[in-house]
Amino acid sequence: MSTDTALDTALLILRLLLGLTLAAHGLNKFFGGGRIPGTADWFESIGMKPGRVHAIAAATTETAAGLGLAAGLLTPIPAAGFVALMVVAAWTVHRANGFFIVGGGWEYNLVLAGSAVVVAMLGAGRYSLDWLIFGDDWAAGWCGLLIALGLGLAGAIGQLVLFYRPTVSRDR
């Protein structure tokens, strides 16, 4: 196997692992456990209001960004979705728990977002819709980094500033 083929295969495996994992999270919000109503209640409880809007937006974004990255379609854009979702999750749910996932920390969020950014920088590879449509990795390198981080951070910060309203404890 040539180095190029090995790299393209490795990118395919990474894209599938990351993308299908995130898509499963989104589909679970739609069809699993508490579905959208339960997810909406949970979003309200962590301060993301209105909960129903955020439940639908999160489920849709997780599904679309996951499937987009898995397919390698406009790769830096779904990578930006990963960044936005993981920054919001890390800030609203995991930040107070420290770094390590065993304590409910933000380690997992960092790995998912960081891995998606790396894929955006490397490009989706030959086994992707980007390659099929554009004939190459149209936005790999610094362009992929800027799109993934720029759009992702802008989306996360915007969502937190506009909609994050945690309940303030009045106990002293």
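Per-structure values
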item: Rounded tilt (10° steps) of 3-31 against the dominant C-alpha axis of the chain; result: 30
item: Burial order of peptide ranges 71-78, 157-164, 136-143 (average beta-carbon count within 10 Å, highest first); result: 71-78, 136-143, 157-164
item: On Cα atoms only, tilt of 107-122 relative to the major axis of the chain in degrees; result: 30
item: Pairwise Cα inverse-distance average, inverted: Kirkwood Rh of the chain (Å); result: 16.6
item: For the chain: relative contact order, % (alpha-carbon pairs under 8 angstrom, 6 or more apart); result: 26
item: In degrees, nearest ten, helix 142-163 long axis to first principal axis of the chain (Cα); result: 10
item: Dipole moment magnitude, nearest 20 debye, region 91-172 about Cα centre, only Lys, Arg, Asp, Glu C-beta charged; result: 480
item: Gap separating the Cα centres of region 1-52 and region 121-152, nearest whole Å; result: 20
item: Dipole moment magnitude, nearest 20 debye, the chain about Cα centre, only Lys, Arg, Asp, Glu C-beta charged; result: 720
item: Sites A10 and A154, calculated FRET efficiency, Cβ-Cβ separation with R0 30 Å, nearest 0.05; result: 0.50
item: M48, M121, reordered so the largest accessible area comes first (probe 1.4 Å); result: M121, M48
item: Surface share of carbon and sulfur [accessible, 1.4 angstrom probe, percent] for region 3-163; result: 74
item: Average accessible area per residue (Å²) across region 3-163 - probe 1.4 Å, nucleic acids and ligands excluded; result: 49
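The values are calculated or read from the model by the stated rules, or taken from the named source; none is laboratory data. This structure is a prediction, so every number in the text was calculated from the model and none was measured. Please note: Cβ atoms are built from the backbone with ideal geometry, for glycine as well, and neighbour counts cover all protein chains shown. Just the protein is used for accessible areas: all its heavy atoms, side chains included, with ligands, DNA and RNA removed. Shrake-Rupley method; radii C 1.70, N 1.55, O 1.52, S 1.80 Å.
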